[in-house]
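Taking it in order: structure first as structure tokens, then the write-up.
Only the coordinates and a few stated rules stand behind these numbers; no lab work does. A quick note: this is a predicted structure, and the numbers were derived from the prediction, not measured. Backbone-built Cβ (ideal geometry, glycine too); neighbour counts: all protein chains shown.
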Amino acid sequence: MSRESSLVPPSTIRALAELVPWLFMAGDGVVVNKDSTLLACYAFSGMDEEGMASTALNDLVRRVGSALRGWDDRPVHLW
């Protein structure tokens, strides 16, 4: 028996399908969850923030914030 399997009792091991809320892919980047909610997936690749000046970084944060401001009245979660 491996060390990893001895750390978790068999009664607590659950299948991945029980742990994630996904039901099926509805389209490119859109997932329908088990409770009928939608999960939209976006990728953002921009400038390297570590090499940016603080003014440019503040401007980027302001622009992203203003783009997301229209979602205030909807239950949106960002990870």
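Counting pairs of alpha carbon atoms under 8 Å apart in space and at least six apart in sequence, what relative contact order in percent does region 3-70 give? Spell out each step's value before the answer.
Values: 31 pairs, mean separation 9.3, N = 68.
That works out to 14 percent.
Sort region 3-70 into rounded, prolate or oblate with this rule: let a ≥ b ≥ c be the square roots of the eigenvalues of the Cα gyration tensor; rounded if a/c is under 1.5, and if a/c is not under 1.5, prolate when a/b is larger than b/c, oblate otherwise.
Oblate, because a/c is 1.5 or more while a/b does not exceed b/c.
Suppose every Lys and Arg Cβ carries +1 and every Asp and Glu Cβ carries -1, with no other charges. What dipole size does region 3-70 come out with about its Cα centre, to the nearest 20 debye?
Taking the Cα centre of region 3-70 as origin, the dipole is about 240 debye.
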